[in-house]
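Note sheet for the following structure.
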Amino acid sequence: MPSRQVGFPVFDADNHMYETRDALTKFLPDRARNTIRYVDMDGRTKIVVRNMISEFIPNPTFSVVAKPGAQEDYFRHGNPEGKSAREIMGEPMKSIPAFREPAARLAKMDELGIDYALMFPTLASLVEERLKDDPRLTHDVIHALNQWMYEQWTFDYEGRIFAVPVVTLPIVDRALEELEWCLERGARTVLVRPAPVPGFEGSRSFGLEEFDPFWKACVRAGIPVSMHASDSGYSDVLNVWEPAAEYKPFIPTAFRTAALGSRAIEDAMAALTCHGALSRVPDLKVVLIENGADWLPTLFRNLEHAYAKLPHLFPEDPIEAFKRCVYVNPFWEDNYAEVVELLGADHVIFGSDWPHPEGLQDPLSLLDYFGGISDEDVRKIMGGNMVRLLGLESKIAAD
């Protein structure tokens, strides 16, 4: 039974699957067959991307994982006792069917009181950055992942679980083909990495006109674009100050925690706004998942200053463009009332990050921290806004 009874549909915009070992390899074309492999090292399985062992995800098979919400106290209260990462994570657990299979997950959602969920891949976050110098190969691997995801989860399971396929943008024509492939199979949204887009001649902003055909295709299809936190390539920034072979999100350093913070998503949204995509494609809907919200005041202040000094470089007030197009899922430990004050309740959405250790063990427990938010706005945040964005109103009315 859910921990709380609510009188409205609950839509969790940040759920995750734990992929099986063949998720990135089962559907790889022959030309990319050896791109992704697994090797055993000292009794542990590691993923190999083009002959380079990656530690980005320490246990890429997810056979044993941290318990959902294991870091909840850490993110809510900090670490005054100076516990080690291992101590904070607590005792691990073996993966259960609800982490890997849609039917079992649906039963778990019923137990947790979740009516609908976006279901994001976990392993996908390492792919694009490690293949960024080969755009064609990147598209091949991403399509293989989407094929696996569709076979394992579908993109619309029982009208309640919406697995989110990935669209990578280096070659726009292939991105459009991938989008169409996903839409034909029922995708309700697609995942775009919030990062500079690699290309044959270096990286560039996805806010440039080159990418307008993709954004416009999403608008025509009536779907929002999801941007979930990922490896956005900011190891290049880190390495100027703190050299390391690879960005390892689960092995934090003091400098990275203090200095990098929300740099990637702030830069990505500044690019999407300042390079004009939100104004040229004014009906675009962008949903920011697991990127937090504490960076919003800084971005808005910087946009305000830039617009005051260089109004001729903006087609419209950039903050108004942002507020029209962008929807934000704050971290569960953020102050939701402050985000509502800044964006308006219509553009704030709920996500628990279940079953990741940095997420909530009990997603509905977030309701305990909604002081100062009206009941009507709570209903919007906890489900109404996502129901509207995904066009589920008629389904809910029928139910």
* To do: Working carefully through the options 133, 110, find the one that is over 22 Å from the mean Cα position of the chain (by Cα), closer than 28 Å to residue 159 by Cα and among the acidic types (Asp, Glu).
  => 110
* Specify the residue that is farthest from residue 75 (Cα to Cα); the eligible residues are those in the range 254-279 that are hydroxyl-bearing (Ser, Thr, Tyr) and in a helix (DSSP H, G or I). => 279
* **Complete set of residues in the range 88-133 that are without any contact (Cβ under 8 Å) to a residue 40 or more places away in the chain, touching a helix residue (DSSP H, G or I) at 6+ places or on another chain (Cβ under 8 Å) and part of a loop (DSSP other than H, G, I, E, B)** => 96
* Filter result for residue 340 (at pLDDT 95 or above, open to solvent by 20 Å² or more (accessible area, probe 1.4 Å) and aliphatic (A, V, I, L, M)) -> yes
* Hey, among the residues in the range 318-333 that are over 18 Å from residue 229 (Cα atoms) and out of contact with any Ser or Thr (no Cβ under 9 Å at 6 or more places or on another chain), which one's most open to solvent (accessible area, probe 1.4 Å)? -> 320
* Structure fact -> For the range 178-230 the number of residues that are among the hydrophobic types (A, V, I, L, M, F, W, C), assigned to a loop (DSSP other than H, G, I, E, B) and either open to solvent by 10 Å² or more (accessible area, probe 1.4 Å) or within 19 Å of residue 121 (Cβ to Cβ) (or both) is 6
* To do: Residues that are under 22 Å from residue 97 (Cβ atoms): find the strands (runs of 3 or more DSSP E) completely inside the range 1-61 holding 1 or more of those.
  => 11-16, 36-41, 44-49
* To do: Kindly list the number of the only condition in (1) at negative phi; (2) buried (at least 16 other Cβ atoms within 10 Å of the Cβ) that fails for residue 263.
  => (2)
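The values are calculated or read from the model by the stated rules, or taken from the named source; none is laboratory data. These numbers were taken from a predicted model, which means no experiment stands behind them. Backbone-built Cβ (ideal geometry, glycine too); neighbour counts: all protein chains shown. Heavy atoms of the whole protein, side chains included, go into the accessibility calculation; ligands, DNA and RNA do not. Shrake-Rupley method; radii C 1.70, N 1.55, O 1.52, S 1.80 Å.
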